[in-house]
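A short worksheet on the structure shown next.
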Amino acid sequence: EPQVRVPVLMWVPGVEAGVVSEPCSFRDVTPTLLNLLNVKNDFDRLRGQNLTPLFFDDEVDTAPIILELWKAPGFGDYQAAVVDWPYKLVYQEKGSNFELFDLSESPTEEVDVSEAQPDVFEALKQFMFDYQDSVARDFVD
């Protein structure tokens, strides 16, 4: 999972060092940096969220995190996942396969809980479909 569990260090003048435990992704870095630089325009066009409130012990709305991987050797052309802690829905294009994992119980993603959690499974699938419908894609061969 190259897009998950990646440490990021930021130095912000006037802010004490700390650890952010909220789920976030690299797409959150751009809106956060822009906010710190006092750039306030066009945030609605960015997919990530501004994490600046976390630097000041405030909260942010936790949104599910979308992960995408294109042309992964041995896995077909496309893989995607939605992480909404503690659940992770994984889609693999090869075989049109969906699996749902409870990361708090199975951090190595060995136990598919899609049948045990049908409401979560369907909600995360719909979130993924809505996301995919909302983004423009340019395919490169």
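The numbers here are math on the coordinates, done by the rules we state, and not lab data. A quick note: this is a predicted structure, and the numbers were derived from the prediction, not measured. Backbone-built Cβ (ideal geometry, glycine too); neighbour counts: all protein chains shown.
How much length would be gained if the chain were fully extended between residue 68 and residue 46, taking 0.36 nm per residue of separation minus their Cα-Cα distance, in nm to one decimal?
Values: separation 22, 0.36 × 22 = 7.92 nm, distance 1.63 nm.
Length gained between residue 68 and residue 46: 6.3 nm.
Quick one: net charge around residue 86, please, counting Lys, Arg +1 and Asp, Glu -1 for every other residue with C-beta under 9 Å from its C-beta.
Working: positive: 88; negative: 84, 102, 105.
Net charge in that neighbourhood comes out at -2.
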Farthest towards the positive end of the dipole of the chain, among 104, 13, 92 and with Cβ unit charges of +1 on Lys and Arg and -1 on Asp and Glu, lies the Cα of 13
Please list, in order along the range 27-38, the HN-Hα scalar couplings obtained from phi with the Karplus expression 6.51 cos²θ - 1.76 cosθ + 1.60 (θ = phi - 60°), rounded to whole Hz, x for Gly and Pro. 5, 7, 5, 4, x, 5, 5, 4, 5, 5, 8, 6
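In the range 92-126, what GluC sites (Glu not before Pro) fall in a loop by DSSP, with at most 12 other Cβ atoms inside 10 Å? Present the calculation step by step, with values, prior to reporting the outcome.
Working: sites: 93, 99, 105, 109, 110, 115, 122; in loops: 93, 105, 109, 110, 115.
Counting only loop positions with at most 12 other Cβ atoms within 10 Å, the GluC sites (Glu not before Pro) in the range 92-126 are 105, 110, 115.
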Computed on alpha carbon atoms, what radius of gyration and Dmax characterise the chain, expressed in Å? 16.8, 51
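Considering only DSSP states other than H, G, I, E and B, which chymotrypsin sites (Phe, Trp or Tyr not before Pro) in the range 74-129 qualify as loop sites with at most 14 other Cβ atoms within 10 Å? Don't skip to the answer; put the middle values down first.
On the way: sites: 75, 78, 87, 91, 98, 101, 121, 127, 129; in loops: 75.
Answer by residue number: 75.
How would the range 9-65 be classified by its alpha-carbon gyration tensor: rounded, prolate or oblate, with rounded meaning a/c under 1.5 and the a/b versus b/c comparison settling the rest? Before the final figure, lay out the partial values.
Values: a/c = 1.88, a/b = 1.18, b/c = 1.59.
Note, shape of the range 9-65 comes out oblate.
Any chance you could count the Lys pairs in the chain whose alpha carbons are under 23 Å apart, treating pairs 8 or more apart or on different chains as valid? Write out the running numbers ahead of the final one.
On the way: 71/88; 71/94; 71/125; 88/125; 94/125.
Lysine pair count for the chain: 5.
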When the helix-only estimate is applied to the chain (DSSP H runs of n ≥ 4, each -39,500 (n - 2.57), divided by the residue count), what is the mean residue ellipticity at 222 nm, nearest 500 deg cm²/dmol? -6000 deg cm²/dmol
